[in-house]
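Notes follow once the structure below has been shown.
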Amino acid sequence: MYTIGQVAAFLGVSRDTLKFYEDKELVRPKQDAENGYRKYDRFDIYDITTVNFYREMDIEIKTIQELRRSKSLSGIRSILEVKEQEVLEDIEYKKLLLKKLRIVKEDCEKIEQCLGTYTIKEMAPIEVKGEMEHYTSYSEYDRLKESTDSLKKAVVLTSLRRVIRFNDKGILEDKFLIVKKIDDDENEKEGHIIAYPQCLYTVIEDGRYSTGGKNTDRYVEAGLRKAAIEHGAELTGLVYINLLLSTYEDGLERVFLEMYAPIK
């Protein structure tokens, strides 16, 4: 027979863990009638190592309790298959999370390199899934959720593209497209595809930290027209604006937008 201290040291588990297993009736050591101390025999050690075995595979205590009550080998296999599927789904989620983290890191580099400068760049293809009048059109958020690229399926404004159509007299149309980035391995696309081989490209900053809450559309438009002249380019009267990154500084939001203006 072994004491709780001996078993804890032998199996590398804490006394609290052994007491927890006992509370959950996963191990049932005998108690000394005289002093009340727990006494563990070799069968108790088998129980503890069995519980540890399944816990190492992240099997829930509730499931281990079911196993203890009685499970055939086919029942055990079924439990393992369910856990296997959970792990595979978690791996896929972690892959997507890693991909997203790397994209945001690249966006940070993009902001550092392109903020306030204009270059000629391709606008990669995007699939249009629908339209919204404005990002505050909450009645249309269900459509946005269906097309979001958020890992948690929360509403994210990165799935929107603000589209401005203009001429020399000013803005003719201002709307928001619900879009989805196109992956190379996608075969079927349901929506309209938009892409432009040549655009004036820049990153601009919005938000109260930089603008004090003022509308900067006219300032941005003036900068765009000036850049077109400097690059010898002719604007087509369209601008696509995408939320690149939002963060905070001194308690005020900093919003970085990337802007594509197709040119001839």
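Throughout, read-outs are computed from the coordinates displayed, never taken from laboratory work. All figures in this text were calculated on a predicted structure; none of them were measured in a lab. Glycine gets a Cβ as well: all are built from the backbone with ideal geometry, and neighbour counts include every protein chain shown.
Collect residues whose amide H, placed 1.01 Å from N in the peptide plane, falls under 5 Å from the amide H of residue 253; neighbours closer than 5 in sequence don't count.
The answer is 208, 209.
Across all directions of projection, what mean area in square nanometres is found for the Cα convex hull of the chain?
On the way: hull surface 91.8 nm².
Orientation-averaged projected area of the Cα hull: 23.0 nm².
Magnitude of the Cβ-charge dipole of the chain, K/R +1 and D/E -1, about the Cα centre, nearest 20 debye? Mind dumping the intermediate values first?
On the way: 43 positive and 50 negative charges, 84 e Å.
Dipole about the Cα centre, nearest 20: 400 debye.
Can you compute 3J(HN,Hα) from phi for each residue in the stretch 130-142, using the Karplus curve 6.51 cos²θ - 1.76 cosθ + 1.60 with θ = phi - 60°, rounded to whole Hz and x for Gly and Pro?
Per residue, the Karplus-derived 3J(HN,Hα) values read x, 10, 9, 5, 6, 5, 9, 7, 4, 5, 9, 5, 4 Hz.
Using the Cα centre as the reference, give the magnitude of the dipole from point charges on the C-beta atoms of the stretch 115-262 (Lys, Arg: +1; Asp, Glu: -1; all else neutral), rounded to the nearest 20 debye.
Working: 20 positive and 27 negative charges, 79 e Å.
Dipole of the stretch 115-262, to the nearest 20 debye: 380 debye.
Using 1/(1 + (r/R0)^6) with R0 = 51 angstrom and r between the beta carbons of residue 193 and residue 57, what's the FRET efficiency to the nearest 0.05? Before the final figure, lay out the partial values.
Working: r = 45 Å, r/R0 = 0.88.
Using R0 = 51 Å, I get an efficiency of 0.70.
Straight-line reach from residue 95: which aspartates and glutamates fall under 16 Å, measuring Cα to Cα and dropping same-chain residues less than 8 apart?
By straight Cα distance, residue 95 reaches 86, 149, 183, 185.
With the chain treated as a Gaussian network of Cα nodes joined by springs under 10 Å, which of 51, 156, 13 yields the largest mean-square fluctuation?
Greatest mean-square fluctuation among the candidates belongs to 13.
How big is the charge dipole of the stretch 199-264 about its Cα centre, in debye rounded to the nearest 20, if each Lys and Arg gets +1 on its Cβ and each Asp and Glu gets -1 on its Cβ?
Working: 7 positive and 10 negative charges, 46 e Å.
With Lys and Arg at +1 and Asp and Glu at -1, about 220 debye.
Pick out, in residue order, every one of the trypsin sites (Lys or Arg not before Pro) in the stretch 1-107 that is DSSP loop and has at most 16 other C-beta atoms within 10 Å; say none if there are none.
24, 71
Report the residues of the stretch 119-135 in range of a label on residue 149: point 7 Å along Cα→C-beta, backbone N strictly under 17 Å from it.
122-130
Anything in the chain that counts as a DSSP H helix reaching 15 Å or more along its axis (C-alpha) with Kyte-Doolittle mean of at least 1.6? List them, would you? Show your work: numbers first, answer last.
On the way: long enough: 42-56 (21 Å, -0.55); 73-114 (60 Å, -0.35); 217-230 (20 Å, -0.51).
Flagged H segments: there are none.
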